[in-house]
Structure formats: C-alpha cells, structure tokens
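Notes follow once the structure below has been shown.
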Amino acid sequence: MRTPASVGKHPIHPMVVAFPIGLWVFSLILDVLYIIGWGGDILNDVSYYAILGGIIGAVFAAVPGFVDYLSLQGHSKTIATWHLIANVSALGMFAISFALRAVDRPVLTAPLILSLIGVALIGVGGWLGGELVYVHGVAVESPEEHEH
C-alpha cells in the first residue's frame, strides 16, 4: 500500500520520527546522568533543549503521519489510532515536562516521571507503528504497485 505522504515513493513519516524519538530518549539519559551527579548542570540544560527539539520534531512528524492515517481503513486504522494516541500522549508528557522545567530548570521528580512515561509511550507507539508496517504492510509498496 503506497502512502500518500511520500517523496519519491518513500514515506515521510518514518523518515522523520527518528528525530523526536532520539532526542527524547537522549534527554532522559541526560536526566539520569544529571541526577546521579555526572556531568554537572550542562546535562540539565542540554536535556531541556533536547526535549524542545523533540517536541518540534514530533509536531513535524505528525503532519505526514496524519495524512497517512486519513488514508487507512479497517484493522490498520484501529492500530493506527492507538499509534496516534500513544504518540500524541507522549508529546503531551514531554510538553508538560518542558513547561515545568522552564519554570524551575533543575530536574525535579515530576518532569523526570513525565519523561519516563513519555519514553514508555513512544516505545508503545513505535511497536504499533512497526505492526502497521511489518505485519499489515502500511506504506510498503507491493511488487505490483512498483511496476506501475
């Protein structure tokens, strides 16, 4: 099934989701290192901006993802709905974490817990995205489609 949001037959959404995922996981690693006393305040600052970059990247990735979502039907649409819910919830967790950090820059318990939940949610969302692609063939062009 060819995806509507693509460039040169390559779906855009999976190309860009790596950025928010990587930035958010990186921010969580920096938070843990900061809390255990490695690296000093710079880790807290870099984590803050990594979360912001992840938020921007997630919003950017959501646009082609939503275009693709609108083209789905049946069981794939149900899985995609849960994928969307998990990832938008993760975005919400990181947005709240970012807002709390903007008020009080050192890592506090609440922002760290929100980041942990956010990373867990992107894990679930990623698993569901993999289910769509590798089990249901969403955004995978069949050999018949490729010939045309």
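Rolling a 1.4 Å probe over the heavy atoms of the protein chains gives the chain an accessible area of 56 Å² per residue. Kirkwood hydrodynamic radius of region 1-88, from the reciprocal of the average inverse Cα-Cα distance over all distinct pairs: 14.5 Å. With the full set of protein chains in place, find how many percent of the accessible area of region 28-148 is carbon and sulfur; take the probe as 1.4 Å. Using a 1.4 Å probe with all protein chains present, region 28-148 comes out at 74 percent carbon and sulfur. Compared with the dominant principal axis of the Cα atoms in the chain, helix 109-130 is inclined by about 20°.
Amide hydrogen proximity for residue 6: with H placed 1.01 Å from N in the peptide plane, the residues at 5 or more positions away or on another chain lying under 5 Å are 12.
A full extension of the chain between residue 85 and residue 63 corresponds to an added length of 6.5 nm, given 0.36 nm per residue minus the alpha carbon distance.
Between the helical axis of 41-70 and the longest alpha-carbon principal axis of the chain there is an angle of about 20 degrees.
The values are calculated or read from the model by the stated rules, or taken from the named source; none is laboratory data. No experiment lies behind these values; they were computed from the predicted model shown. Heavy atoms of the whole protein, side chains included, go into the accessibility calculation; ligands, DNA and RNA do not. Shrake-Rupley method; radii C 1.70, N 1.55, O 1.52, S 1.80 Å.
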